[in-house]
Amino acid sequence: MSDNVVALGTLAIGSKESLSAALAAGGCSATGSATGCGSKEKPEDMDPATWAKVKDHPCYSEEAHHYFARMHVSVAPACNIQCNYCNRKYDCSNESRPGVVSERLTPEEAARKVIAVANEVPQLSVLGIAGPGDSAYDWLKTKETFRLVTAQIPDIKLCLSSNGLALPDHLDELVEMNVDHVTITINMIDPEVGAKIYPWIFYNRKRIYGVEASRILHERQMEALDGLVARGILVKVNSVLIPGINDAHLLEVNREVKRRGAFLHNIMPLISAPEHGTHFGLTGQRGPTAAELLAVQEACAGGANLMKHCRQCRADAVGLLGEDRGQEFTLDLVPEAPVYDPAARETYRDWVGAEREDRRAAAEAAQAKTEAAVAASSPKLLVAVTTQGGGRINQHFGHATEFQVFEVDATGVRFAFHRRCDNYCVDGGGADDRLDRVIAALDGIDTVLVAKIGDCPREGLASAGITARDSWAHDYIEPAILALYRERMAQKQAITA
Ligand code: CLF
Ligand code: SF4
């Protein structure tokens, strides 16, 4: 196994007590990337049927992605459209960052891999097909993969991502297959805008170009969205934000998909570089800055619910969002004929149920305390945390390759965004150039909460105006941030008094 593994992903499944202890401990023995985010969806926020569908899905519930993992199997290489941000040699940009998939799988190979992962990764709750082409166009492979897997792991959630063109042909089959979650990538509702993103589509055995191609794509996407919503399937809409092409237009997309019943809207930044070999990469079309992405997301407030914890996964990603354990489960590493053993996943689920309740209760108590102590008009703070899952501050500063950033004010704690960077600590020691990059990644952040940090990086951060604290090491994220907030507001009050 790779050593670049989130500790949560490598929990040995023993008793519930040992799981709690392992998660709370975190610490030096654990290396790798952080995951998690801070949604406050609760059972009472939605109807029971919807809650049952989202509560264990790491993409549809921000809270769930502290606890649950997805895996993608790359069984669908064929695609029926051309996006200017894709060159087909790479993962589907619908659901992944550019990077070739390690291997393309047959449905039988995919099922073998899923069973092997389910035996090793108790957090696994979702099987997704997100390319590297289009899952609805390469339908027979998608369908056969789902059939083979659910025959052995009936409780796994099935999820697919598509450009939408072929989706209307499979709506009833999706219901029959118990697919609860479908993502459609919708970058436009105006074909004139679409013509700048899609040079052609392949539809009804013909290649169609220009505005006409985008008009058909748009109509099929809307037909798919309406048909899925009518059948009770949760639809997430992914939109790639392309500066100068659809940035302002995405507000209209957001309003339209909300009107039609999309459950979530995920506005993702275009990833574009000449070395990707895409049309946009080669013609200098840039992706948005973090501020531009945030501005579009903020402009969409009040429209369709926004997903902010997307990690733009590879089409063969395995693990919690933000981690990539795919290389641990290549075909040459998994058993020839694994037999599924449900024990680990069942034990894990029982434990997570209790842990989530505990965390929610702690967050609610901390919120009540904050409202009693802090004026409603108190300013907002941005606080970063290092976490390796479980909703806790359980990662050392030097190991973090990602910071979860939360905004906090008197009304509560909300996940805001994540920032990636290289981990500061390499081979047991810190690296100055890496600290500079971490400081750049933490630009605008008031305080970073960590499980542990050395004097050197603490001082380096302080000189850049960022406070590092390990006072809430291994605690739940929300109560810790609220405790910090109360402390800071009390200090502020003392200064002004
Ligand atoms: Fe995969 Fe997509 Fe299903 Fe999730 S990913 S098919 S909905 S199981 Fe998730 Fe990855 Fe973002 Fe996609 S973080 S790229 S939204
Ligand atoms: Fe590439 Fe996906 Fe677009 Fe097809 S739908 S061209 S695979 S990004």
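The values are calculated or read from the model by the stated rules, or taken from the named source; none is laboratory data. Predicted, not measured: the structure shown is a model, and the values here were computed from it. So basically every Cβ, Gly included, is an ideal-geometry build from the backbone, and we count neighbours across all protein chains shown.
Among the numbered criteria (1) within 18 Å of residue 262 (Cα to Cα); (2) within 11 Å of ligand 1 (Cβ to nearest atom); (3) small (Gly, Ala, Ser); (4) assigned to a loop (DSSP other than H, G, I, E, B), which one does residue 135 miss?
Of everything listed in (1) within 18 Å of residue 262 (Cα to Cα); (2) within 11 Å of ligand 1 (Cβ to nearest atom); (3) small (Gly, Ala, Ser); (4) assigned to a loop (DSSP other than H, G, I, E, B), residue 135 misses just condition (1).
Out of (1) in contact with a Lys or Arg (Cβ under 7 Å, 6 or more places away or on another chain); (2) outside any helix (DSSP H, G or I); (3) surrounded by fewer than 18 Cβ atoms within 10 Å (Cβ to Cβ), what's the single condition that is false for residue 232?
Every condition holds for residue 232 apart from (1).
Of everything in segment 199-227, what is outside any helix (DSSP H, G or I) and within 18 Å of residue 169 (Cα to Cα)? Give them in sequence order. Don't jump to the end; show me each part of the working.
At the first step, the residues of segment 199-227 found to be outside any helix (DSSP H, G or I) are 199-209.
Those that are outside any helix (DSSP H, G or I) and within 18 Å of residue 169 (Cα to Cα): 201, 202, 203, 204, 205, 206.
Identify, from the list 193, 257, the residue that is more than 16 Å from ligand 1 (Cβ to nearest atom), assigned to a helix (DSSP H, G or I) and either crowded, with 19+ Cβ neighbours inside 10 Å or among the polar types (S, T, N, Q) (or both). Talk me through it step by step, then tell me what you get.
Values: 257 fails: more than 16 Å from ligand 1 (Cβ to nearest atom).
The match here is 193.
Determine which single condition residue 353 fails, assuming it passes every other condition in (1) farther than 23 Å from residue 234 by Cβ; (2) not in a loop (DSSP other than H, G, I, E, B).
Residue 353 satisfies all of (1) farther than 23 Å from residue 234 by Cβ; (2) not in a loop (DSSP other than H, G, I, E, B) except (1).
Exactly one of these conditions fails for residue 61: (1) at pLDDT 90 or above; (2) among the small types (Gly, Ala, Ser); (3) away from ligand 1 (no atom under 14 Å from the Cβ); (4) in a loop (DSSP other than H, G, I, E, B). Give me its number.
(3)
Could you pull out the residue among 164, 128, 133 that is within 16 Å of ligand 2 (Cβ to nearest atom), touching a strand residue (DSSP E or B) at 6+ places or on another chain (Cβ under 6 Å) and at positive phi?
164
If you check residue 357 against the conditions, is it at pLDDT 95 or above, surrounded by fewer than 21 Cβ atoms within 10 Å (Cβ to Cβ) and either of a type in the set (D, E, K, R) or in contact with a Lys or Arg (Cβ under 9 Å, 6 or more places away or on another chain) (or both)?
On the way: at pLDDT 95 or above: no; surrounded by fewer than 21 Cβ atoms within 10 Å (Cβ to Cβ): yes; either of a type in the set (D, E, K, R) or in contact with a Lys or Arg (Cβ under 9 Å, 6 or more places away or on another chain) (or both): yes.
So residue 357 fails the test.
Quick one: what pairs do we get from segment 142-170, first residue closer than 14 Å to residue 181 by Cβ and in a strand (DSSP E or B), second more than 15 Å from ligand 1 (Cβ to nearest atom) and of a type in the set (Lys, Arg), C-beta under 8 Å, 6+ apart or different chains?
Cβ pairs passing all conditions: none.
Can you go through 190, 226 and tell me which one is among the charged types (D, E, K, R), within 23 Å of residue 80 (Cα to Cα) and touching a helix residue (DSSP H, G or I) at 6+ places or on another chain (Cβ under 7 Å)? I'd like the intermediate steps shown before the answer.
Numbers: 226 fails: touching a helix residue (DSSP H, G or I) at 6+ places or on another chain (Cβ under 7 Å).
Step by step, each of 190, 226 is checked, and only 190 is among the charged types (D, E, K, R), within 23 Å of residue 80 (Cα to Cα) and touching a helix residue (DSSP H, G or I) at 6+ places or on another chain (Cβ under 7 Å).
Quick check on segment 293-309. Is at least one of its residues more than 16 Å from ligand 2 (Cβ to nearest atom), part of a loop (DSSP other than H, G, I, E, B), surrounded by 23 or more Cβ atoms within 10 Å (Cβ to Cβ) and of a type in the set (D, E, K, R)?
Among the residues of segment 293-309, not one is more than 16 Å from ligand 2 (Cβ to nearest atom), part of a loop (DSSP other than H, G, I, E, B), surrounded by 23 or more Cβ atoms within 10 Å (Cβ to Cβ) and of a type in the set (D, E, K, R), which makes the answer no.
Suppose we filter 453, 481, 466 for residues that are in contact (Cβ under 8 Å) with a residue 24 or more places away in the chain, farther than 14 Å from residue 392 by Cα and touching a Phe, Trp or Tyr at 6+ places or on another chain (Cβ under 6 Å); which single one remains?
Selected residue: 453, the only one of 453, 481, 466 that is in contact (Cβ under 8 Å) with a residue 24 or more places away in the chain, farther than 14 Å from residue 392 by Cα and touching a Phe, Trp or Tyr at 6+ places or on another chain (Cβ under 6 Å).
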